[in-house]
């Protein structure tokens, strides 16, 4: 079993409703200019038709983007290397935004890690999932039914959506005979918990996949 890649890895900041995202966009872009980020051409926000993009890149460092999702009201750091994403997220959340006058305890609804992870397996994922579930699918034999995935979350024990944890494990759609895809969401209002979870992601995924017998 081997974690091959993250495609992509995302750490985001969901803002409380009512904030001027256009103003935040401008201030963060200007701040990133002084921190050795590449600043792409700005989309046109003000026009007769009043079209605002659903999301737009504010700055780029290496292979990691700092984006503002206008539709979701969220600032997201997205890339393929978790370490780089975490480093830039910390800079934005603990330096850039506070320096621009944002009180993070007030403006943030929650922080969120989202990842799609490709894991190579020595065994066929469908076989692993069916053995681990130990369900009697004999009544559905004629339909060739099988266990196609596993979902783990805390929505039945924690009602606060700001503290969501969810892991979905299924065979990779592009390589289903020897790879899993792990979809991961972790959400918290505490930035320290986000950092701790990020540090444990590889170990968490490895332990879960190993426990299935992969």
| said: Along the Cα→Cβ direction, 7 angstrom out, place labels at residue 30 and residue 100. What is the inter-label distance in nm? | reply: 1.0 nm
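To the nearest µm²/s, what D does Stokes-Einstein give for region 111-169 at 10 °C and 1.306 mPa s, using the Kirkwood radius over alpha carbon pairs as Rh?
112 µm²/s
Looking at the chain from every direction and averaging, what is the projected area of its Cα convex hull in nm²?
Values: hull surface 59.8 nm².
Its average projected convex-hull area is 15.0 nm².
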| said: Can you compute the radius of gyration and Dmax for region 103-214, using only the Cα atoms, both in Å? | reply: 16.7, 59
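Summing -39500 (n - 2.57) over the DSSP H runs of n ≥ 4 in the chain and dividing by its residue number, what mean residue ellipticity at 222 nm do you reach, to the nearest 500 deg cm²/dmol? Present the calculation step by step, with values, prior to reporting the outcome.
Values: 5 runs with 57 residues, N = 214.
Theoretical 222 nm ellipticity from helices: -8000 deg cm²/dmol.
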| task | Would you mind telling me which residue in 188, 172, 200 has the biggest mean-square fluctuation in a Gaussian network model of the chain, where springs connect alpha carbons within a distance under 10 angstrom? | result | 200
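State, as an integer percentage, the relative contact order of region 2-211 based on alpha-carbon contacts under 8 Å between residues 6 or more apart. Walk me through the intermediate numbers first.
Working: 363 pairs, mean separation 49.2, N = 210.
Relative contact order for region 2-211 comes out at 23 percent.
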| note | Computed over the chain: longest principal axis from alpha-carbon atoms vs helix 82-91 long axis, angle to nearest 10 degrees, is 30 degrees
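Say R0 is 45 Å: what FRET efficiency, to the nearest 0.05, do residue 199 and residue 141 get from their beta-carbon distance? The partial results should precede the final answer.
Working: r = 45 Å, r/R0 = 0.99.
Computed FRET efficiency for residue 199 and residue 141 comes out at 0.50.
Between residue 175 and residue 127, 0.36 nm times their residue separation minus their Cα-Cα distance comes to what?
This chain segment gains 15.9 nm when fully extended.
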| Taking Rh as the Kirkwood radius, which is the inverse of the mean 1/r over Cα pairs, what is the Rg/Rh value for region 59-169? | 1.12
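Under the 0.36 nm per residue contour assumption, what length would be gained going from the current alpha-carbon distance of residue 151 and residue 41 to full extension? Intermediate values should be presented prior to the final figure.
Values: separation 110, 0.36 × 110 = 39.60 nm, distance 4.05 nm.
Taking 0.36 nm per residue and subtracting the Cα distance, the gain is 35.6 nm.
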| Of 39, 60, 13, which is the most mobile in a GNM of the chain whose springs link Cα atoms less than 10 angstrom apart? | 39
| message | Compute the angle between helix 21-33 and the longest alpha-carbon principal axis of the chain, please, reported from 0 to 90 degrees and rounded to the nearest 10. | response | 80 degrees
| said: What is the angle, in °, between the Cα long axis of helix 191-211 and the longest principal axis of the Cα atoms in the chain? Nearest 10 is fine, range 0 to 90. | reply: 20 degrees
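FYI, it's all coordinate maths here, none of it is from the lab. Fair warning: this is a prediction, and the values are worked out from it, not measured in the lab. Counting neighbours? That spans all protein chains shown, and the Cβs are built from the backbone with ideal geometry, glycine included.
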